[in-house]
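Enquirer: Mind having a look at this structure? Questions to follow.
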Ligand code: PEP
Ligand code: MG
């Protein structure tokens, strides 16, 4: 089977009825690029920049960040690279920031909330990204966006830094797509309004499931609730994809669900445009998608959206994919 998958490294990801989707990779450092290329990744769908900030005792400088971002953009040689701005807090702590302890870190001062408050940290990262932008196909996304005001504030800061760099005579790419992660139910529910202002969505199901089901993604005792195939999650995913398409925008997914064999047929049917997963899952997913008809999966998606339980959904997928 592995040998069969290996033949697909340079093949496009098209369904049996010729619908193209993009299979891209989640990475944490520039070193991960080798795996992306080896596994036929069509780009990077999530570069988790936190790792630049972790395992050290002070913030990375603009120069250090610039070098890392440039390396990733050059390494992907013009293929799309979606960089997520700093998503610290929750499960990812930075001891040197000395933030006060919180009762509920996952519901607290993290990610974009922290960046909008600690603007020095945010601006340094954005400058490094903007300076690197002319070395490849950069797209930027903000994590944990809950309101349009947050998106607008973050975008305004990005614009300010861009103008400063241009005034300094630095090169910045003309067009950098700007998107948000959909990880908070409020944002999925309001996706039609967000879609008017963002260039793309990337659904972060790892957090979206936890916040929708009120079930900690790390807690074994409530893992029975943490279910990607729950009809409630599928409906949120559909809302986001439909909202983006209504405005001529695209939607990706970068949570674990995007690489899940049971989820992929449904996501294909719902019209997801980009699937971002660990590099080692890409060839298997490509092989699966090439054997599915999008038109059949659209019918499956329609069916499962109207089901009542997770187990019904899983059963329906099994039935539709084992012909
Ligand atoms: C997610 O929440 O789905 C996601 C991709 O982000 P992380 O796993 O880094 O929280
Ligand atoms: Mg997340």
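Quick note: the coordinates plus some simple rules give every number you see, no bench work behind them. Computed from a prediction, not measured in an experiment: that's the story for all the values here. Virtual Cβ from ideal backbone geometry, glycine too; neighbours counted across all protein chains shown.
Enquirer: By the gyration tensor of its Cα atoms, with a ≥ b ≥ c the square roots of the eigenvalues, what is the shape of the chain: rounded for a/c under 1.5, prolate for a/b over b/c, or oblate?
Expert: It is prolate, given that a/c is not under 1.5 and a/b is the larger ratio.
Enquirer: Compute the separation of the alpha-carbon centres of region 166-232 and region 287-323 and state it in Å as a whole number.
Expert: Going from one Cα centre to the other spans 24 Å.
Enquirer: Right, something else. Rounded, prolate or oblate: which fits region 57-97 when a ≥ b ≥ c are the square roots of the eigenvalues of the alpha-carbon gyration tensor, with rounded for a/c under 1.5 and prolate only if a/b beats b/c?
Expert: Judged from the Cα gyration tensor, region 57-97 comes out oblate (a/c at least 1.5, b/c at or above a/b).
Enquirer: Can you give the relative contact order of region 1-126 as a percent, counting alpha carbon pairs under 8 Å and 6+ residues apart?
Expert: Rounded, it is 21 percent for region 1-126.
Enquirer: At a threshold of 8 angstrom on Cα-Cα distance, excluding pairs fewer than six apart, so keeping six or more, what relative contact order does region 66-213 reach in percent?
Expert: 24
Enquirer: Arrange the peptides 8-21, 129-142, 263-276 so that the one whose residues have, on average, the most other Cβ atoms within 10 Å appears first.
Expert: Final packing ranking: 263-276, 129-142, 8-21.
Enquirer: If you don't mind, another one. Quick one: compute the contact order of the chain, relative version, from alpha carbon pairs under 8 angstrom and 6+ residues apart, as a percent.
Expert: 20
Enquirer: Please work out whether region 96-201 counts as rounded, prolate or oblate from its C-alpha gyration tensor, where a ≥ b ≥ c are the square roots of the eigenvalues and a/c under 1.5 means rounded, while otherwise a/b larger than b/c means prolate and anything else oblate?
Expert: Oblate, because a/c is 1.5 or more while a/b does not exceed b/c.
Enquirer: Neighbour counts of other C-beta atoms within 10 Å: give me 126, 33 arranged from fewest to most. Let's see the in-between values first.
Expert: On the way: 126 25, 33 21.
Ranked by crowding around the Cβ, least crowded first: 33, 126.
Enquirer: Order of 58-68, 295-305 by packing, highest average Cβ count within 10 Å first? Let's see the in-between values first.
Expert: Numbers: 58-68: 16.1, 295-305: 17.9.
Taking the mean over residues of other Cβ atoms within 10 Å, the ranking is 295-305, 58-68.
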